[in-house]
Amino acid sequence: MQINLQEIVPDYIDKNINESQVWNKNIVIKKTEHVHIVAPSGTGKTSLIHFIYGLRKDYTGSVSYDDINTKKLSTESFSSFRKNKLSIIFQDLRLFENQTARENLEIKRMLDPYHPPEMINEMAKRLGIENKLEQAAKTCSYGEQQRIAIIRSLMQPFDFLLLDEPYSHLDEVNRKKATTLIYEECEKRNAAMIFADLKPIDLLKGEKILML
Amino acid sequence: MNKPGFPPSGVRGLPLSYKKIQPLIISGKNFSKWLGYFGLGIGVLLLLVSMQMFINIQQLLTKDNPRKTGYDFISISKTITNENMGKDNTFTNADLDNLKKLPQVQGIAPLVPNQFRVRATAGDLIPFSTDLFLESINNNFIDTVPPSFTWQPGQTVVPIIFSSDFLEIYNVFAPAQDLPQLSPKTISSVNIVLECSGSNGSQTFKGNIVALSDRINSLLVPETFMKWGNLHFSGDTTVHASRIYIKTKDANDPQLISYLDQQNYHLNKDKIKFSRIKNILQNIVSTLGVFGILVIVLALMLFSFYLQLMIARSKDNLRLLLTLGYSPQWLANSVAKTWLPVYLFIIIAALIITEILHILFLQLSFVSAANLSPVLNWSVWLLAIVLFVLTLFINLKLVKNELSKIE
C-alpha cells in the first residue's frame, strides 16, 4: 500500500503556501519510508495527520490509499483500513478516560491482535509504566498517558504509522526508549512512518524531512 | 504482512468479543428503559391474548351457530296489532318482491302452512294426541337437512324436521303429563301417526322425525308433501305465508332492520342475538388487539428515546471506537444484540401468560372445552415470532440510525 497526497490545501489556510513542501504538492509515501514533517505549531500538522487518517475532509486536493480517494470511503471501509493498515498516535492522545491503561490497550489489541496480551506488559515495562497498567487512564499523568497511546498504536498490524507530536510530554530518556520501540515495531512490519513534530528531532536518522 | 510468529491463525479468527466494549456504552439506570420494557410486555401480551380469544370465540360460536354458511337466517312475520287482528296478515306477492329487492337480502323463502287438518298421535309408546300444524320451506333455508328428507306421492312415511326448541319445551312438561322425556336421538324412533283430513277426504301417514332444527321453530315437512297435501285435501294451491325467512349476510344491518320496522314486520330478535353477541365480543377483543398494537408502538417510541439518550451519553466513547477502527456495522449489531435476551424474555413471558389465560378461559362454564385445543393457536405462535423479529429489526434500525449520526 502507498499513500498519495495530491495538491492538498486546507480550506481554512490563509498564509502563503508556495514555500510549503507539503501543501499543494504531490507526495507519495511508500511502505518502509520514513517521512518527518516539521512545522511550528499552528501551521497544520495535526490537520494533515487527520486528513491522512480520514478524520477531516475540509481540504481541496486528494488523499488516496493506493488509488482509493479517501473522500469517497465509507465509515465502514475506513474502519477496515484503521484496523490493520493505518495506526495513529494522536496529539491529544484520545484514551478511554474511565478505563484502565490495560483496558485501553486491550480494546485496540483484540480488534486485530498482532501481539499476544503478554506483550502489553513487556512494552509497558520498557517505557516504565508497568505499574500504571491497572490504573484508570484519567488518573495517569499526561506523560504516562502519552506512553499508553504509543503502546496502543503498536498493538495492531499496520503499513503506516502516523505520529502527531508523540513525545511532547516525555523526557529525553523516555523519548529515546519510545523511539527505539517504535522503530523496532515499524521494522517488524516493514511499515512506513509519518512523523509530525515542531522541529527536526535529532533521534531520527535518515528521515525524509518535509517542511510544512 | 510480516508477522513475528504470532498469533496462530486460530486465535486471530476468533470473533471479536463485545464484553470489553460494553462498559463503554453508558446505559445508565434509566426509568424510561424499564417503562419501555413494561410497555412492550403489556402490548405484546394484549395482542397475543386478543388474538387467541378472537379465535376462541370464532371457533366456539361457529360450532353450534346457525350461521354456518356465513349467512344469517331471520324469520319475519307481520306484527299482529289490535287494528289488523282478524284481517289477512299473510305476505302478499308485492311484499315478497319488495323484500327481494333489498340489497341486504340474499334470498327469501316463505313458510307454507298446511291448509288441511292434521291430527297426530304418538302410537302406543306415548299416550298423546293433538292437532298439529305443519309447515314447509325451501330446503336451502333449513340448517339440518338429512338425505331422507324427501317425499314422493304414494309414500306413506313423511319425514319431519322438528324444532329443537319444541323438544326442549316438551321435555319440560312431559314429566307432569306422565310422558317420557326424549333425547334428540330417541325422538327419531318415536312413531307419529298423522291423520290428514280435508274437504276432499282423509288419509293416514306415518311421521318420522329425521332431524332437529335450531333455526326454524316449526314442524317441517318436505315441500312436495305440503304441495300435494294442500291440493289433495283442500284443493288450495295458493301460498298463504304468514312467516317468511330472510337470508342475509348481516342480520344486524341497520338499514335492513329499519326497513323491517317501517313495514311493521315482526322479527325474531332472539335468533340474531347469537351473531350479535359474537360480533360484540369480537369487536371488544379486536379493540383490545388494536390497543395492544398502540401500546407496542408507544413502547418502541419510548425505547427509541432511551436509545438516543444512551448513544448520546456514550457518544465520545463510540466515536473513539470508530476512530480506532471498530466497524460501525459490528458496533450496531453488538449494541442491538444486548437487548435480544430482554426481548426474548418478554415474548416468552407473554406467551406463557397467554397460555395461562387460555387455559383459564377453557375452565369457564359456558365454554365447551372439548371443541378447543388447550394449546395456543398456530397463528398466535406465528404472531409472537413476527413480533420478536420485528422488534429486533426496529431496534437494530434505531441503533444503526443513531450510530450513523456520530461521525
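Coordinate-derived values only; no laboratory data. Since we're looking at a predicted model, the values are computed, not measured. Neighbour counts are summed over all protein chains in view; Cβ atoms, including those assigned to glycine, are modelled from backbone coordinates with ideal geometry.
Could you tell me what fraction of 2.2 N^0.38 Å the Cα radius of gyration of chain B comes to, as a two-decimal ratio? Write out the running numbers ahead of the final one.
Details: Rg = 34.9 Å, N = 407, 2.2 N^0.38 = 21.6 Å.
Taking the Cα Rg and dividing by 2.2 N^0.38 Å, one obtains 1.62.
Give A:25/A:208; B:337/B:400; A:25/A:85; A:31/A:85; A:45/A:208; A:31/A:83 a once-over and call out the pairs whose C-alpha atoms are over 19 Å from each other.
Numbers: A:25/A:208 15 Å; B:337/B:400 12 Å; A:25/A:85 24 Å; A:31/A:85 11 Å; A:45/A:208 16 Å; A:31/A:83 17 Å.
Pairs exceeding the cut-off: A:25/A:85.
At a Förster radius of 60 Å, what calculated FRET efficiency corresponds to the Cβ-Cβ distance of residue B:316 and residue B:255, to the nearest 0.05? Numbers along the way, then the final one.
Values: r = 67 Å, r/R0 = 1.11.
Computed FRET efficiency for residue B:316 and residue B:255 comes out at 0.35.
With +1 assigned to the C-beta of every Lys and Arg and -1 to the C-beta of every Asp and Glu, and no other charges, what is the dipole magnitude of the protein assembly as shown about the Cα centre in debye, to the nearest 20?
In debye, rounded to 20, the protein assembly as shown gives about 1600.
Provide B:240, A:50 in ascending order of the number of other Cβ atoms located within 10 Å of each residue's Cβ, fewest first. Numbers along the way, then the final one.
On the way: B:240 14, A:50 20.
Fewest-to-most Cβ neighbours within 10 Å comes out as B:240, A:50.
Output the Cα-based Rg and Dmax of the range B:72-269 in Å, rounding Rg to one decimal and Dmax to a whole number.
Every Cα atom of the range B:72-269 included, Rg and Dmax give 17.8, 52 Å.
If you put +1 on each Lys and Arg Cβ and -1 on each Asp and Glu Cβ, how big is the dipole of the range B:72-269 around its Cα centre, in Debye rounded to 20?
Values: 14 positive and 19 negative charges, 61 e Å.
The dipole magnitude comes to about 300 debye.
Excluding same-chain residues fewer than 8 positions from residue B:19, which aspartates and glutamates have a Cα within less than 20 Å of its Cα?
Straight-distance partners of residue B:19: A:97, A:103, A:106, A:112, A:118, A:134, B:316.
Convex hull over the Cα atoms of the protein assembly as shown, averaged projected area in nm²?
Values: hull surface 184.8 nm².
Across all orientations, the protein assembly as shown yields a mean hull projection of 46.2 nm².
Rounded to whole Å and sorted largest first, list the principal axis extents of the Cα atoms in the range A:44-166.
Between the extreme Cα coordinates on each principal axis of the range A:44-166 lie 46, 29, 23 Å.
Averaged across B:324-333, how many Cβ atoms of other chains sit within 10 Å of each residue's Cβ atom?
Values: counts 15, 15, 6, 9, 5, 4, 3, 1, 0, 0.
The mean count of partner-chain Cβ atoms within 10 Å per residue comes to 6.
Using all alpha carbons of the range B:189-273, what is the percent of pairwise distances in each 10 Å bin, ordered from the shortest bin to the longest?
With 10 Å bins starting at 0, P(r) equals 12, 34, 27, 20, 6.
Quick one: which of A:132/A:177; A:108/B:397; A:15/A:71 span more than 20 angstrom between C-alpha atoms?
Working: A:132/A:177 17 Å; A:108/B:397 27 Å; A:15/A:71 25 Å.
Beyond 20 Å: A:108/B:397; A:15/A:71.
Per 5 Å bin from zero, what fraction in whole % of the C-alpha pairs of the range A:113-165 is there, up to the bin with the longest pair?
Taking all Cα pairs of the range A:113-165, the binned fractions are 4, 18, 31, 23, 17, 6, 0 percent.
Summarise the partner chain shielding of B:309-315 as one whole number: the mean count of Cβ atoms from other chains within 10 Å of each residue's Cβ.
Working: counts 0, 0, 0, 0, 0, 0, 0.
Rounded to a whole number, the mean comes out at 0.
Give me the Kirkwood hydrodynamic radius of chain A in Å, from all C-alpha pairs, to one decimal place?
17.6 Å
Tell me what chain B gives for mean residue ellipticity at 222 nm when only DSSP H runs of n ≥ 4 count, each as -39,500 (n - 2.57), the sum divided by the residue total, rounded to 500 deg cm²/dmol. Before the final figure, lay out each step's value.
Details: 11 runs with 188 residues, N = 407.
Helix contribution divided over all residues of chain B: -15500 deg cm²/dmol.
So, R0 is 51 Å and r is the distance between the beta-carbons of residue B:191 and residue B:298; what FRET efficiency does that work out to, to 0.05?
Working: r = 68 Å, r/R0 = 1.34.
E between residue B:191 and residue B:298, to the nearest 0.05, is 0.15.
Between residue A:2 and residue B:171, with labels modelled 7 Å along Cα→Cβ, what's the label distance in nm to one decimal, could you check?
Each label point is offset 7 Å from its Cα along the Cβ direction, giving 10.0 nm.
Which residue fluctuates most in the GNM of chain A (Cα springs below 10 Å): A:86, A:105, A:73?
Sorting by GNM fluctuation, first place goes to A:73.
Give the average, rounded to an integer, of partner chain Cβ atoms located within 10 angstrom of each Cβ in A:178-190. Spell out each step's value before the answer.
On the way: counts 0, 0, 0, 0, 0, 0, 0, 0, 0, 1, 4, 4, 2.
If you average over the peptide's residues, the count of other-chain Cβ atoms is 1.
What ranking, highest mean first, results for peptides A:171-177, B:224-230, B:314-320 when packing means the other Cβ atoms within 10 Å averaged over each residue?
Numbers: A:171-177: 13.0, B:224-230: 20.0, B:314-320: 17.7.
Ranking the peptides A:171-177, B:224-230, B:314-320 by packing returns B:224-230, B:314-320, A:171-177.
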